[in-house]
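Take a look at the structure set out below.
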Amino acid sequence: MGRLFWKFFFAFLAALLIAGVGVGFAVSLFHERQFGPGHEFRGGGPPPPPHWEEGRPPPPPPDRGPPPPVLPILAALLASLVASALLAWYFARPIRHLRWALGEIAEGRFDTRVQQLMDGRRDELADLGRDVDLMAQKLDALVSTQRRLLHDVSHELRSPLARIQAAIGLGHQDAGKIAATLERVERETVRLDALVGQLLTLARLDAGTGMDPVVPLDVVEMLADIAQDARFEARIANRDLDFSGDVAFVSHGRDETLHRAFENVLRNAVKYTASGTTVEVRAELPTSDRLCVSVCDHGPGVPPSQLAAIFEPFHRLANNDQDGFGLGLAIARRAIEAHGGSIRAENRPEGGLCIVIELPKR
């Protein structure tokens with residue numbers, strides 16, 4: 001038995017003994033008030049009614065005498081000990097299970113679950129057990145995500161570094177290709193710089209540190225400026241972008257963070273929409289305190305089973321032949337969620353993908 005068991009045990013024992021002494025004292029006061037001081041109680045019930053035979057006085061009641069005072073004391077003590085032990089065991093047992101589960105989680109065994117050990121309890125300790133299981137589940141998902149992210153980062157870094165090494169080796173072999181070698185090294189260096197920059201942005205959003213200050217923003221005006229820049233790039237690639245949003249929505253947010261989120265979504269739509277098609281961007285107010293932005297393209301769409309996965313870092317579809325790291329939508333999701341909003345992907349019935357962003361007024 002642990003220390004907590006004995007603390008519960010002695011606390012319950014003291015409470016029961018104090019209650020017993022109090023009850024005994026109250027009974028004693030009642031007895032003295034009812035029968036007077038010094039009265040000796042000799043029976044377990046009221047005296048029998050007087051009866052006697054003719055010519056004889058009634059016989060005196062049998063003198064049973066008071067019960068020995070040790071017997072009720074021992075009975076009360078035994079009952080207190082049993083009740084205290086049962087109560088202490090009832091409260092200490094789930095806490096021992098919780099301590100065991102937290103120890104397992106601290107050792108890195110995130111598949112530990114304690115809810116099934118609570119024996120169907122319906123109290124705060126059972127709620128705590130469910131919270132511990134939920135914490136373990138989220139820690140398991142977080143650690144798995146971090147491991148996968150580390151694996152993907154190492155893979156993404158290895159490819160440009162290998163190309164840089166190959167270009168340098170080619171330059172050593174043929175001095176006439178120095179210019180081409182330097183051009184290849186510069187291109188891969190720019191790619192590495194972009195990857196590291198996006199990783200730092202993702203890490204800051206996850207940690208919530210190093211972010212720009214919160215200021216009043218006209219979100220629709222910001223979105224219109226981003227759409228104008230994206231339209232210019234789209235027309236160069238034989239695509240177009242149409243923006244409609246004749247609404248006003250001023251909220252408090254982080255300018256650079258929110259700008260990067262919308263920019264990533266719009267650039268991604270321009271990249272994947274088919275040549276000769278138009279990306280449609282709509283800003284609407286379903287309610288006065290909520291902005292809904294939809295960005296719809298005419299691209300290949302996404303398999304339904306992967307609609308949620310495209311917002312995970314480094315996730316790319318099997319048939320994706322576009323250049324990129326798979327970090328744009330992940331950064332957008334972190335940024336939108338940091339502003340209390342939500343982002344989701346939906347396939348269009350006529351083909352293509354819609355990214356729907358909802359932002360609350362803050």
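The values are calculated or read from the model by the stated rules, or taken from the named source; none is laboratory data. Source: prediction; values computed, not measured. Every residue, glycine as well, gets a Cβ built from its backbone with ideal geometry; the counts of neighbours run over all protein chains shown. The area values use the complete protein model at the heavy-atom level, side chains included, leaving out ligands, DNA and RNA. Shrake-Rupley method; radii C 1.70, N 1.55, O 1.52, S 1.80 Å.
With both bridge residues required to lie in the range 210-323, what share of the DSSP beta bridges run antiparallel, to the nearest 5%?
70 percent
Which residue, chosen from GLN173, LEU142, LEU78, occupies the Cα position most advanced towards the positive end of the dipole of the range 78-226, where the dipole is computed from +1 (Lys, Arg) and -1 (Asp, Glu) charges on Cβ about the Cα centre?
Of GLN173, LEU142, LEU78, it is LEU78.
Can you bin the range 100-167 into rounded, prolate or oblate? Criterion: square roots of the alpha carbon gyration tensor eigenvalues sorted a ≥ b ≥ c, rounded for a/c under 1.5, prolate for a/b above b/c, oblate for the rest.
prolate
Which order do ARG158, ARG282, ARG231 take by accessible area at a 1.4 Å probe, largest first?
Ranked from most to least accessible, the order is ARG158, ARG282, ARG231.
Taking the dipole about the Cα centre of the range 185-336, with the C-beta of Lys and Arg at +1 and of Asp and Glu at -1, give me whichever of ILE336, THR257, GLY326 is farthest to the positive side.
Result: GLY326.
Going by the alpha-carbon gyration tensor, a ≥ b ≥ c the square roots of its eigenvalues, is the range 78-228 rounded (a/c under 1.5) or, if a/c is not under 1.5, prolate (a/b greater than b/c) versus oblate?
Note, shape of the range 78-228 comes out oblate.
Rank ARG109, ARG334 by accessible area, highest first, at a 1.4 Å probe radius?
In descending accessible area the options line up as ARG109, ARG334.
Accessible surface of HIS97 in the full protein assembly, 1.4 angstrom probe, to the nearest 10 Å²?
40 Å²
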